[in-house]
Amino acid sequence: MPDLPTKTLTTVQDALLAWFKEESRALPWRTTRDPYAIMVSEVMLQQTQVDRVIPVYLAFLKQFPTFHNLADAPAADVIRAWAGMGYNRRAMNLQRAAAQVTELYEGVLPSDLKALRGLPGVGEYTAAALACFALGQEVAVIDTNVCRVLGRVFYGPEGAPEKELANVAAQALPDGEAWSWNQALMDLGATVCTSRRPTCLLCPVRSDCQAAGAFLATNGAVAESRGPYKTKPEKFEGSSRYYRGRVVDHLRGLAVGESCDLPTLGTVVKPDYISGDQPWLLDLLQGLQRDGLIAMRGEGSIVTVTLPL
């Protein structure tokens, strides 16, 4: 793609950074530059809303304040501390990442993007977020909100082609302001430039946005885009992830060292559970055990289940 127009880009940068200074969300992970605390927040935020993350994040850091503390903790304690977050596998990935940082990097988060991406549970976005927010590197951090804001501002209501987003984000990054700029884009996307009803009248970059005119003409309503036909997605209730979560939630509630037998666990997880469902339950439990989320003892129908030791 051609270079972004310099005058427009400078105006957008100045306006958004000024807005961020006045309107930024007060989030606890923004008050620290501790790489460990920021990594915990980024992993928690991968698939969970901010308001659910905040109380768990604060309690988690109190219980496990450093990479070393988390790496050395019993897995069961980490899983219990993750209660309410969902996607429990993230808790184990975070502990495994803490162990790698401790063992391979002497407890110091590596600064190389390739090394960051090599940590369990760390993909391209999380690696960039850690590089910028935890390590102070001048890199673009691209999440759903950032894609939406940059696409609308510089391309219009339909947004930017996916193949051009990385280039747009890199061009738009103001010198020396990566931390504030990336956070500002995320805040604008979360609070003003939302997916369905952007409030363009409150937007600090409205006058330079390629999409604002179209949205204002339709009273801010965004037509739902229609992609290619896809099969109807599986409902969460009744899905494998739903039952996996119910298993872990039940085991969290047991006293330390207490176990649960298969018939009891099956009835708790699936109210209409019958003995014929045992192969299904065992398959579900074996998957959880492979992910490090539970431990099973015994054979056949004489199996007991606990959180991992």
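Here is a yes/no grid of residues against (1) assigned to a helix (DSSP H, G or I); (2) free of Cβ contacts under 8 Å to residues at least 40 places away in the same chain:
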| position | (1), (2) |
| --- | --- |
| 61 | yes, yes |
| 70 | yes, yes |
| 78 | yes, yes |
| 83 | no, no |
| 92 | yes, no |
| 97 | yes, no |
Notebook entry, point to check: Before we move on, is residue 7 among the charged types (D, E, K, R) and modelled with pLDDT under 95?
Noted result: yes
Margin query: I need the full set of residues from the stretch 99-109 which are surrounded by 19 or more Cβ atoms within 10 Å (Cβ to Cβ) and not in a helix (DSSP H, G or I), in order please.
Written below: 109
Next item on the list: Go through the stretch 39-68 residue by residue and tally those that are among the acidic types (Asp, Glu) and surrounded by fewer than 17 Cβ atoms within 10 Å (Cβ to Cβ).
Entry: 1
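Residue-by-condition table, conditions (1) of a type outside the set (A, V, I, L, M, F, W, C); (2) surrounded by 19 or more Cβ atoms within 10 Å (Cβ to Cβ); (3) in the same structural domain as residue 39 (by TED's automatic domain parsing):
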{"position": "112", "(1), (2), (3)": "yes, no, yes"}
{"position": "160", "(1), (2), (3)": "no, yes, no"}
{"position": "164", "(1), (2), (3)": "yes, no, no"}
{"position": "193", "(1), (2), (3)": "no, yes, no"}
{"position": "199", "(1), (2), (3)": "yes, no, no"}
Check: Inside the stretch 219-302, counting only helices (runs of 4 or more DSSP H) that do not spill past its ends, which hold 2 or more residues that are under 22 Å from residue 84 (Cβ atoms), modelled with pLDDT of 90 or more and of a type in the set (Val, Ile, Thr)?
Finding: 240-252, 262-269
Item checked: Of the criteria (1) assigned to a loop (DSSP other than H, G, I, E, B); (2) surrounded by fewer than 19 Cβ atoms within 10 Å (Cβ to Cβ); (3) at pLDDT 90 or above; (4) more than 26 Å from the chain's Cα centre (by Cα), which one residue 204 fails -> (2)
Note to self: For the stretch 1-27, which positions are free of Cβ contacts under 8 Å to residues at least 40 places away in the same chain, farther than 16 Å from residue 188 by Cβ and part of a helix (DSSP H, G or I)?
What the structure shows: 6, 7, 10
Check: Say we look at the stretch 254-299 and pick out the residues that are among the β-branched types (Val, Ile, Thr) and surrounded by 11 or more Cβ atoms within 10 Å (Cβ to Cβ); which of these is farthest from residue 76 (Cα to Cα)?
Finding: 267
Next item on the list: Hey, can you tell me all the residues within the stretch 35-45 that are touching a residue at least 12 places away in the same chain (Cβ under 8 Å) and out of contact with any Gly (no Cβ under 8 Å at 6 or more places or on another chain)?
Entry: 35, 36, 37, 38, 39, 40, 41, 42, 44
Next item on the list: Examine the stretch 11-32 for a residue that is among the β-branched types (Val, Ile, Thr), under 18 Å from the mean Cα position of the chain (by Cα) and buried (at least 17 other Cβ atoms within 10 Å of the Cβ), and state whether such a residue exists.
Entry: no
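Condition check ((1) touching a helix residue (DSSP H, G or I) at 6+ places or on another chain (Cβ under 6 Å); (2) under 21 Å from residue 29 (Cα atoms)) across all residues:
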site: 65; (1), (2): no, yes
site: 70; (1), (2): yes, yes
site: 89; (1), (2): no, no
site: 94; (1), (2): yes, yes
site: 100; (1), (2): no, no
site: 103; (1), (2): no, no
Notebook entry, point to check: Going by the conditions given, is residue 126 β-branched (Val, Ile, Thr), surrounded by 15 or more Cβ atoms within 10 Å (Cβ to Cβ), touching a residue at least 12 places away in the same chain (Cβ under 8 Å) and part of a loop (DSSP other than H, G, I, E, B)?
Noted result: no
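The values are calculated or read from the model by the stated rules, or taken from the named source; none is laboratory data. All values derive from a computational prediction rather than experimental measurement. A quick note on method: Cβ atoms are made from the backbone with ideal geometry, for glycine too, and the neighbour counts reach across all protein chains shown.
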